[in-house]
1. Just a yes or no: is a residue in segment 66-79 touching a residue at least 60 places away in the same chain (Cβ under 8 Å), touching a Ser or Thr at 6+ places or on another chain (Cβ under 8 Å) and closer than 30 Å to Asn235 by Cβ?
2. Only residues that are surrounded by fewer than 18 Cβ atoms within 10 Å (Cβ to Cβ) and within 22 Å of Ser340 (Cα to Cα): list them for segment 48-106, please.
3. Within 16 Å of the ligand (Cβ to nearest atom), charged (D, E, K, R) and closer than 30 Å to Lys4 by Cα - does that describe any residue in segment 335-349?
4. Can Glu232 be described as in a loop (DSSP other than H, G, I, E, B), surrounded by fewer than 20 Cβ atoms within 10 Å (Cβ to Cβ) and either of a type in the set (Phe, Trp, Tyr) or touching a residue at least 60 places away in the same chain (Cβ under 8 Å) (or both)?
5. Those residues that are within 25 Å of the chain's Cα centre (by Cα), more than 15 Å from the ligand (Cβ to nearest atom) and aromatic (Phe, Trp, Tyr), I need them from segment 54-106; list them, please.
6. In the set Lys134, Lys128, which member is open to solvent by 30 Å² or more (accessible area, probe 1.4 Å), under 26 Å from Met215 (Cβ atoms) and touching a Leu at 6+ places or on another chain (Cβ under 6 Å)?
7. For segment 123-206, please list each of the strands (runs of 3 or more DSSP E) lying entirely inside it that holds at least 3 residues being touching a Ser or Thr at 6+ places or on another chain (Cβ under 8 Å) and within 18 Å of Glu222 (Cβ to Cβ).
8. Scan segment 245-262 and give yes if some residue there is open to solvent by 30 Å² or more (accessible area, probe 1.4 Å), within 16 Å of the ligand (Cβ to nearest atom) and in a helix (DSSP H, G or I), otherwise no.
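The values are calculated or read from the model by the stated rules, or taken from the named source; none is laboratory data. Bear in mind the structure is a predicted one, so any value in this text is a computation, not a measurement. Cβ placement follows ideal geometry from the backbone for every residue including glycine, while neighbour counts extend to all protein chains displayed. Quick note on the areas: whole protein, heavy atoms, side chains included, nothing else; ligands and nucleic acids left out. Shrake-Rupley method; radii C 1.70, N 1.55, O 1.52, S 1.80 Å.
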Amino acid sequence: MLIKDITGYLEKLAPISLQESYDNSGLIIGSPQTNVEKVLITLDVTERVIEEAIFEKCGLIIAHHPIIFKGLKKLTGSNLTEKLVLKAIKSDIAIYAIHTNLDNIPGGVNGILAEKLGIKNTKILSPKNGGLIKVVCFCPSNHVENVQQAMFSAGAGNIGNYDSCSYLSPGTGTFRALEGSKPFVGKAHQLHKEEEYRIETIVPEYRLANVIKAMVQAHPYEEPAYDIYSLENKNSAIGSGLIGELEQATQIEEYLQLVKQSLGTKYIKHNKLIDRPVKKVAICGGSGSFLIDAAARNKADLFITADIKYHDFFEHAGNMTIADAGHFETEQPVKELLYSLLKKKFPNFALQISKESANPISFL
Ligand SMILES: [Zn+2]
């Protein structure tokens, strides 16, 4: 299979444009046109993972963390990143990263983590600013449904747990068909008035091109009129962390034991345990201390993430328990997620989860 077919599918689910500005997701080493026989899925690219890819004849490594984060100015093997990049290139191994773009979608890193931790009815903890577009088009009344459906199917009209969201208002369109035109209604060189509907709907930026294409194809006019407006609204479907509820309020010690078990965490670092059962839980796989206040604002009883600094443990003590369950541990379900997503789409293609993808942190 061509690398671009595999990565193209992943980018439909988690578009590259959803990554954070500091990130470097996407194809990092290799050509999209290369044919690969097998894919290796890992959290990190290490020397042992590259060796595993060579041994298992995997031409493509799909990793969560990008192997190159900042620019490289030389490739002399003088540090670990340069060494790994050289080794991958020499061994003809392509490397792809799906990082914060997978963090920022509800079915991504935190979606699988929520599933593992029994957290239901989730919503994005900190929705992303911008990235939403309003599309308005004008359509003769008997074609409204067709055009709406085409736009919805291409990704327009989703707000929270609702789809097919739009607003219709009737009005009158005017136009005059000039030389060379083939008007759907009206006569050439005559001013025409047509009863039309104004269809307004909302589209995430990364779906805009698809939605416009679908609308133009479904629209009966030769030259459909439409407007595209950038919005300042937050996009509730895209952003960092998730918050949801446990099926039953559970004693916090009991629930944290469950978290430990299901993530295979040796220790959970936490601040003061709240003296009430846990019902509302916020999560962010990997480094999520930037979401502590958002979790508290959303009235979480417990916030589970990783890489929490000493001083952060003082925050919200008594109101919300903050638990550090480990970076590797909270993110490692990603490997299973990528495996199952790819397996579903390409059932006959060879995929493997790395056996060498390991936590760099040990405990004494
Ligand atoms: Zn991470």
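1. Initially, segment 66-79 is screened for residues touching a residue at least 60 places away in the same chain (Cβ under 8 Å), giving none.
Checking segment 66-79: not a single residue is touching a residue at least 60 places away in the same chain (Cβ under 8 Å), touching a Ser or Thr at 6+ places or on another chain (Cβ under 8 Å) and closer than 30 Å to Asn235 by Cβ.
2. In the first step, residues of segment 48-106 are kept if they are surrounded by fewer than 18 Cβ atoms within 10 Å (Cβ to Cβ); the result is 48, 51, 54-57, 68-83, 86-87, 89-92, 106.
Glu56, Lys57, Pro106, listed by residue number.
3. Residues of segment 335-349 within 16 Å of the ligand (Cβ to nearest atom): 335-338.
Now narrow it down to the ones that are charged (D, E, K, R): 335-336.
When the remaining residues are screened for being closer than 30 Å to Lys4 by Cα, the result is 335-336.
Yes, the conditions are met somewhere in segment 335-349.
4. Values: in a loop (DSSP other than H, G, I, E, B): yes; surrounded by fewer than 20 Cβ atoms within 10 Å (Cβ to Cβ): yes; either of a type in the set (Phe, Trp, Tyr) or touching a residue at least 60 places away in the same chain (Cβ under 8 Å) (or both): yes.
The answer is yes for Glu232.
5. Within segment 54-106, Tyr96 is the sole residue that qualifies.
6. On the way: Lys128 fails: touching a Leu at 6+ places or on another chain (Cβ under 6 Å).
Going through Lys134, Lys128 in turn, just one is open to solvent by 30 Å² or more (accessible area, probe 1.4 Å), under 26 Å from Met215 (Cβ atoms) and touching a Leu at 6+ places or on another chain (Cβ under 6 Å): Lys134.
7. Numbers: elements: 132-140, 166-176, 191-204.
Of the strands (runs of 3 or more DSSP E) lying wholly inside segment 123-206, those with at least 3 residues that are touching a Ser or Thr at 6+ places or on another chain (Cβ under 8 Å) and within 18 Å of Glu222 (Cβ to Cβ) span 191-204.
8. Filtering segment 245-262 for residues open to solvent by 30 Å² or more (accessible area, probe 1.4 Å) gives 245, 247-249, 251, 253-254, 257-258, 260-262.
Now restrict to residues that are within 16 Å of the ligand (Cβ to nearest atom): none.
Looking for residues that are open to solvent by 30 Å² or more (accessible area, probe 1.4 Å), within 16 Å of the ligand (Cβ to nearest atom) and in a helix (DSSP H, G or I), one finds none in segment 245-262, hence no.
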